[in-house]
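The values are calculated or read from the model by the stated rules, or taken from the named source; none is laboratory data. Just so you know, these numbers come straight off a predicted model, no measurement behind them. In this analysis, Cβ positions are derived from the backbone assuming ideal geometry, glycine residues included, and neighbour counts consider all displayed protein chains. Calculation scope for accessible area: heavy atoms of the full protein, side chains included, ligands and nucleic acids excluded. Shrake-Rupley method; radii C 1.70, N 1.55, O 1.52, S 1.80 Å.
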Amino acid sequence: MIGTITKAASVLRSSGGKLVVVHAQGAQHVLGQNQANPVMVSRGLPTAKEWSDMVAEHPEWGLTLEHEPADPRSDGDLKYGYLTVLSKI
C-alpha cells in the first residue's frame with residue numbers, strides 16, 4: 001500500500017491536488033470480506049489513525065489528511081461508505 005500511495009502522491013503536481021480513496025460499501029464491509037476470505041482481501045481499509053501515522057511517517061509525499069474515514073461499524077461508515085481525502089501541500 002505504501003508504494004501505491006507514494007506513486008499516487010508523485011502524480012499530484014500542484015498544491016491543493018486531491019487524492020481520494022473511496023469504497024461505497026464501507027470499511028466494515030471490507031473487514032467482513034477479509035474475515036471471510038483473507039487470501040483474496042488481505043486487510044481492511046486504513047483507519048483514520050493509520051492514515052495520520054502514514055502521512056506523518058512519509059513527509060516526502062507532501063500530503064495532509066483533509067478528510068478522515070469514519071470508523072468501521074459507525075453510523076457514518078454504514079450510511080456514507082468509506083471516504084478519505086488527502087491533499088497535496
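When the range 64-81 is examined, which residues are found to be farther than 20 Å from LEU12 by Cα, in a loop (DSSP other than H, G, I, E, B) and open to solvent by 60 Å² or more (accessible area, probe 1.4 Å)?
Residues of the range 64-81 that are farther than 20 Å from LEU12 by Cα, as a first pass: 69-81.
Checking which are in a loop (DSSP other than H, G, I, E, B) leaves us with 69-74, 81.
ASP71, ARG73 - these are the residues of the range 64-81 that are farther than 20 Å from LEU12 by Cα, in a loop (DSSP other than H, G, I, E, B) and open to solvent by 60 Å² or more (accessible area, probe 1.4 Å).
With respect to GLY26, determine if the residue is loosely packed, with under 14 Cβ neighbours inside 10 Å and of a type outside the set (Val, Ile, Thr).
Answer is no for this residue.
Looking at the range 37-63, I want the residues that are closer than 22 Å to SER10 by Cβ and have a partner that is open to solvent by 70 Å² or more (accessible area, probe 1.4 Å) and of a type in the set (A, V, I, L, M) with Cβ atoms under 6 Å, at least 6 apart or on another chain. Which pairs are those?
Going by the 6 Å Cβ cut-off, the qualifying pairs are GLY62/ILE89.
Mind listing whichever residues of the range 39-55 are open to solvent by 80 Å² or more (accessible area, probe 1.4 Å) and over 12 Å from ALA27 (Cα atoms)? Talk me through it step by step, then tell me what you get.
Going residue by residue through the range 39-55, those that are open to solvent by 80 Å² or more (accessible area, probe 1.4 Å) are 39-40, 42-43, 49.
Of everything in the range 39-55, those that are open to solvent by 80 Å² or more (accessible area, probe 1.4 Å) and over 12 Å from ALA27 (Cα atoms) turn out to be VAL39, MET40, SER42, LYS49.
Return the pairs, sorted by first residue and then second, in which the second residue is open to solvent by 60 Å² or more (accessible area, probe 1.4 Å) and not in a helix (DSSP H, G or I), the first residue lies in the range 15-36 and is hydrophobic (A, V, I, L, M, F, W, C), the beta carbons are less than 8 Å apart, and the residues are 6+ apart or on different chains.
Listed by first residue and then by second, the contacts come to VAL20/LEU83; VAL21/LEU83; VAL22/LEU83; ALA27/ASP71.
So, GLY62, is that one modelled with pLDDT of 90 or more and out of contact with any Ser or Thr (no Cβ under 9 Å at 6 or more places or on another chain) or not?
No.
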